[in-house]
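The values are calculated or read from the model by the stated rules, or taken from the named source; none is laboratory data. None of these values were measured; they are calculated from a predicted model. Every residue, glycine as well, gets a Cβ built from its backbone with ideal geometry; the counts of neighbours run over all protein chains shown. Areas reflect the complete protein model, heavy atoms only, side chains present, ligands, DNA and RNA absent. Shrake-Rupley method; radii C 1.70, N 1.55, O 1.52, S 1.80 Å.
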Amino acid sequence: MNETLQVIKERRSIKQYKAEQIPDADLQQIMEAAIYAPNARNAQAWHFTVIQKKDMIDRMVGIIKENIMNSGIEFLMGRASEPDYHTFHHAPAIVIVTGDEKDKFREVSCGAAAENIALAAKSLNIGSCVMTSPEFLFASDKGNALKKELGIPDGYTHVCVVTLGYNEGKEPETPPRNKDVITYVK
Ligand SMILES: Cc1cc2nc3c(=O)[nH]c(=O)nc-3n(C[C@H](O)[C@H](O)[C@H](O)COP(=O)(O)O)c2cc1C
């Protein structure tokens, strides 16, 4: 298997992080990979907010937790009320990926960028997790008030977050994949 395929197959979602920050040089390379993702009409209708400030990350978790507890979604409320709940699994760095509300294909383009971030990180031995539960940050006025502080452009909306950091636990097992989802028409 070549190195690219190996990185793709061996990337796992990391859900337990060391406090150690990732080097700036690695972060630059990871974010460079993000903007080289395929994207609809090359509109590049995305924005990336990279946060390494623990205070800000914890503030966001507080608001997300509050909004989940008000959501009425029992499965999420159960998770968020666990004592060790932390949306970002204590990652020292997170990337909020937002897309232009007017771009019909923003989720596809931003999703491709998120995967590039995760794969570039893996190639540098940095763990990551793509996640959508942070959408709850923007489910209240308190969360939306942070948008300016986070440099999210007007008219851009949350697509996902990618956490970044070093794995604190053992390498996660590979969740099983269904192999019968591919049809070849030849
Ligand atoms: C669109 C999307 C949303 C996800 N949301 C979350 C999330 O909110 N929280 C989380 O811990 N993991 C989240 N994940 C990670 C998945 O749990 C993980 O990708 C899946 O279990 C497969 O495991 P693997 O990434 O290790 O192959 C998300 C992944 C994707 C692609």
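Please give the per residue accessible area of the chain, computed with a probe of 1.4 Å over protein heavy atoms only, in Å².
Spelled out: the 1.4 Å probe surface of the chain, per residue, equals 60 Å².
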> Cα-based Rg (one decimal) and Dmax (whole number) for the chain, in Å?
Replying inline: 16.9, 55
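Find the eigenvalues of the gyration tensor of the Cα atoms of the stretch 83-177, then list the square roots of 5 times those eigenvalues as equivalent ellipsoid semi-axes, largest first, in whole angstrom.
Details: eigenvalues 124, 59, 28 Å².
Equivalent-ellipsoid dimensions as semi-axes: 25, 17, 12 Å.
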>> I want the local charge near Val108. Using Cβ-Cβ distances under 15 Å, sum +1 for each Lys or Arg and -1 for each Asp or Glu among the other residues.
In response: -1
>> Students often forget the sequence filter, so: which lysines lie under 29 Å Cα-Cα from Lys102 once same-chain residues fewer than 8 apart are removed?
In response: Lys65, Lys142, Lys147, Lys148
>> Run the reach check for Lys53 against aspartates and glutamates, Cα to Cα strictly under 18 Å, same-chain hits fewer than 8 apart removed. What comes back?
In response: Glu20, Asp24, Asp26, Glu149
> When DSSP assigns beta bridges and you keep just the ones with both residues in the chain, what percent turn out antiparallel, to the nearest 5?
Replying inline: 95 percent
> Tell me, how many Å apart are the Cα centres for the stretch 105-151 and for the stretch 46-98?
Replying inline: 11 Å
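If the only charges are +1 at each Lys and Arg Cβ and -1 at each Asp and Glu Cβ, what is the size of the charge dipole of the chain around the Cα centre, to the nearest 20 debye?
Values: 22 positive and 25 negative charges, 79 e Å.
My answer is approximately 380 debye.
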> In the stretch 1-63, what percent of the accessible surface is made up of carbon and sulfur (1.4 Å probe, ligands and nucleic acids excluded)?
Replying inline: 49 percent
>> At 1.4 Å probe size, with the rest of the protein present, what percent of the exposed accessible area of the stretch 81-186 is carbon and sulfur atoms?
In response: 51 percent
